[in-house]
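These notes are about the structure you will find just below.
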Amino acid sequence: MEKIDLLIVGGGPAGLAAAIYGARANLKTIIIEKGAPGGKLLNTHKVDNYPGFKSLTGTELALKFIDHAESLGAKIENDEVIKINNISKKEKIVILKSDKKYQTKTIIFAMGMNPKKLPLEEYKTYFGKGISTCIVCDGDFYRNKDIAVIGGGTSASEESLFASKIVKNIYIINLFDKLDVVDSIKKNIEKAKNIHLKFNSELIKINGDGKKISSITIKNKLTNKIEEISVEGVFTYIGWIPASKFLQKSAILNKDNFITVDYKTGKIGIDGIFAAGDITNKEFHQVSGAISDGTNAALSAKKYIDRL
């Protein structure tokens, strides 16, 4: 069993920032990431609010973070944490899905969040066969075709703008009477001739032959009017849930399955255990905030180790 100083669960911006600071502090640092490192950045078409970069893709920014962390000696391992033993002791044992084990002095939880699933029976049938949570990833499959985007927030709107250059028509299905976005995004949505807004509307059914989608059925909450719209793809942006399933039997999570932290230090109340990024009980979910969280957690981990 390999002994390390710092194990980070999650390779999004918070985890990568923690790895950079951990490695710079000469801590033997490993990130365990069950997917691709980069987190939600990989699903982001455009980032134009990160200091120092006027505009770049989420993937470009993620690759810069990854390269920086690895150049300092941090390792990124594609695996999944399934259990932690001796969590309150000085030497904690982290067990991975591959059966590999690490003995570590400190742990930073930075798992982020996962997209919410549509509460429809058809979700399982068509996920990966017409339903997706990432236009940046899968939008090109629907080039010159019609799609629906479910949601009315920033992600739904920004990704619809990206898709508007690829697909034929986009129908944004929004439960509310307006988009919850800044004015600049709203104006761009209104200018796009192939984006059609369906306000006060609920998706009630996804229609198809079991192999591919042919249409959706929506219901207007105010008029009760039922409408069927022909689409071949459905992209969902209906919110996020914390990626904390493996901790649900522990006392670490709050009632909403997030981790409550001291934002100055990233501490969660257990010696040697810290948390950062979207897995914590924070109000705003921005890359710059995640970087700050990861930095604080890594520096606190270093301070803790120095006192052992």
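Rule-based calculations on the coordinates, nothing more; no lab input. Here the structure is a predicted model, which means the values were calculated and not measured. Backbone-built Cβ (ideal geometry, glycine too); neighbour counts: all protein chains shown.
Of all the options Asn43, Asn174, Asn86, the one that moves most in a Gaussian network model of the chain with Cα springs shorter than 10 angstrom is Asn86. Taking the range 28-56 and a reference point 7 angstrom along Cα→Cβ of Leu96, the backbone N atoms nearer than 14 Å belong to 29-37.
Given a cut-off of 21 Å, what percent of all Cα-Cα pairs of the range 9-79 lie beyond it?
Here the tail beyond 21 Å accounts for 22 percent of pairs.
Compared with the dominant Cα axis of the chain, that is its longest principal axis, helix 58-71 is turned about 10°.
Cβ under 11 Å from Ser292's Cβ, Ser292 left aside: what net charge do those residues give with Lys, Arg +1 and Asp, Glu -1?
On the way: positive: Lys264, Lys282; negative: Asp293.
After counting each charged neighbour, the total is +1.
Taking 7 Å steps out from each Cα toward its Cβ at Asn26 and Phe127 produces label points 4.6 nm apart. Farthest toward the positive end of the dipole of the range 35-166, out of Thr106, Ala148, Pro119, is the Cα of Thr106, where the dipole comes from beta carbon charges about the Cα centre. Here the Kirkwood formula, the inverse mean of 1/r across different C-alpha pairs, assigns the chain a hydrodynamic radius of 20.7 Å. Distances between placed amide hydrogens fall under 5 Å for Trp240 paired with Lys116, all partners being 5 or more residues away or on another chain.
Net charge within 10 Å of Gly10 by Cβ-Cβ distance, Lys/Arg positive one each and Asp/Glu negative one each, not counting Gly10 itself? Around Gly10, the charge tally is -1. Of the trypsin sites (Lys or Arg not before Pro) found in the range 187-293, those in coil by DSSP whose Cβ has at most 12 other Cβ atoms within 10 Å are Lys193, Lys211, Lys212, Lys225, Lys249, Lys255, Lys264. Counting every alpha-carbon pair across the range 234-308, the share separated by more than 16 Å comes to 53%.
Rounded to the nearest Hz, the phi-derived 3J(HN,Hα) couplings of the range 29-40 under the Karplus curve 6.51 cos²θ - 1.76 cosθ + 1.60 (θ = phi - 60°) are 10, 9, 9, 9, 10, 7, x, 8, x, x, x, 5, where x marks glycine and proline. The H on the amide N of Val234, modeled in the peptide plane, is under 5 Å from the matching H of Ile131, Ser132, Ala148, each at least 5 residues off or on a different chain.
Structure remark: mean-square fluctuation, Gaussian network model of the chain, C-alpha springs under 10 Å; the largest value among Ser155, Ser71, Ser201 belongs to Ser71. Coupling constants for the range 269-279 follow from the phi torsions by the Karplus curve (6.51 cos²θ - 1.76 cosθ + 1.60, θ = phi - 60°), and in residue order they are x, 10, 4, x, 10, 9, 9, 8, x, 5, 6 Hz; glycine and proline get x.
In this structure the amide hydrogen of Leu72, modeled in the peptide plane, comes within under 5 Å of no amide hydrogen from residues 5 or more places off or on another chain. Structural size metrics of the range 71-169, computed from C-alpha coordinates, are Rg and Dmax of 20.0, 58 Å.
The simple spin-label model puts a point 7 Å past each Cα toward its Cβ; for Lys46 and Arg307 those points are separated by 4.7 nm.
Derived scalar couplings between HN and Hα for the range 200-210 equal 6, 10, 10, 6, 10, 7, 10, 9, x, 9, x Hz in order, rounded to whole Hz, by the Karplus curve 6.51 cos²θ - 1.76 cosθ + 1.60 (θ = phi - 60°), x for Gly and Pro. Summing +1 for each Lys or Arg and -1 for each Asp or Glu among the other residues whose beta-carbon sits under 10 angstrom from that of Ser98 gives -1.
In the frame of its principal axes, the range 177-295 has Cα extents of 56, 37, 28 Å, reported largest first. Our analysis of the range 117-236 gives Rg over Rh at 0.94, with the two radii drawn from alpha carbon positions and Rh computed by the Kirkwood formula.
The label-point distance for Asn86 and Glu227, in a model that sets each label 7 Å from Cα toward Cβ, rounds to 6.1 nm.
Reducing the range 175-241 and the range 1-79 to their Cα centroids gives an inter-centroid distance of 34 Å.
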